[in-house]
Amino acid sequence: MGYRDGGGKKKGGELGFFCFFSKRLKQNGGLRPIYGRALKMCYAQIECKEFVMDTVTTDRPPPTGEGLTFEKVWALFQESDRKMEEQRKENDRIMEKVALQMEKTEQIVGELSNRFGELAEHLVAPAIHERFNELGYHFNGAAEGGYVVRDDNNKILAQVDILLINNDYIMAVEVKAKPHIKDIEHHIKRLKILKEHWGKHHDPRIVQGAIAGAIFGNAEKEAVIEAGFFVLVQSGDTMKIEIPEGFVPREF
């Protein structure tokens, strides 16, 4: 059985059939990209095989392509297309499930973070002034319930989880279950508002900041230090301040 390619040259066996099959596909509305690529690969493989068959002596006759029809190959391509579509739908379903699970996880982490912030006074505040006093600050204690800055219309401008005060310094401590980079920018804005608020009362005290976390990533810890804030990490039932060599706290 033989077929003729686009140039009229007769080709036999599987190679001839695929030349014929390509022509039939074009007559039926053109090739889809995936089919075109598949045909090119098949054509190259068959052409290589027939070249080998032509150059190697064997008692077995080369394939003739008998039994391979346009309809059979077309059906195979359609079946392949159907399976790929089913796999795509399955992948979409899995991705939706993963996205939903991630959303639930983020919600749980957010709730834990909020609860940790609410319990900051009980978990961190009782001994935090002692940690800073070891550095020579001489704070008498922490403001109970945190500190809230409001404008003239009683609108909340900033909230501080823990506020430590002495005659020279005001230390604002932000408490997070797991601090993120964005928390650093928020704390910078918070301290600027706090400095402006106390400045309206002609208060010359220096405002500094710290971020406390139950779980501190290395990247976040480095970013906090680079911003000029003290890093407070959990140590047993209390918190400890990690101060790298050469650290200089930022003043507002």
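Read-outs: derived from the displayed coordinates by stated rules, not from any lab. The structure presented is a predicted model; accordingly, all values stated were derived computationally and were not measured. Reconstructed Cβ throughout: ideal geometry from the backbone, glycine too, with neighbour counts over all protein chains shown.
Computed values, structure above
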item	result
Burial ordering of 152, 203, fewest other beta-carbon atoms within 10 Å first	152, 203
In nm, spacing of pseudo-spin labels at residue 241 and residue 134 (7 Å Cα→C-beta vector)	1.0 nm
Amide proton proximity set for residue 170, modelled H, under 5 Å, gap of 5+	206, 207, 208
Protection proxy ranking, peptides 204-213, 237-246, average beta carbon neighbours within 10 Å, highest first	204-213, 237-246
Total charge dipole magnitude, region 120-242, about the Cα centre, Cβ charges on Lys, Arg, Asp, Glu only, Debye to nearest 20	280 debye
Region 144-252: antiparallel DSSP beta bridges as a percent of all, rounded to 5	50 percent
Hull shadow area, averaged, region 120-242 [alpha-carbon convex hull, nm²]	7.4 nm²
Relative exposure of 195, 189, judged by other C-beta atoms within 10 Å (fewest first)	189, 195
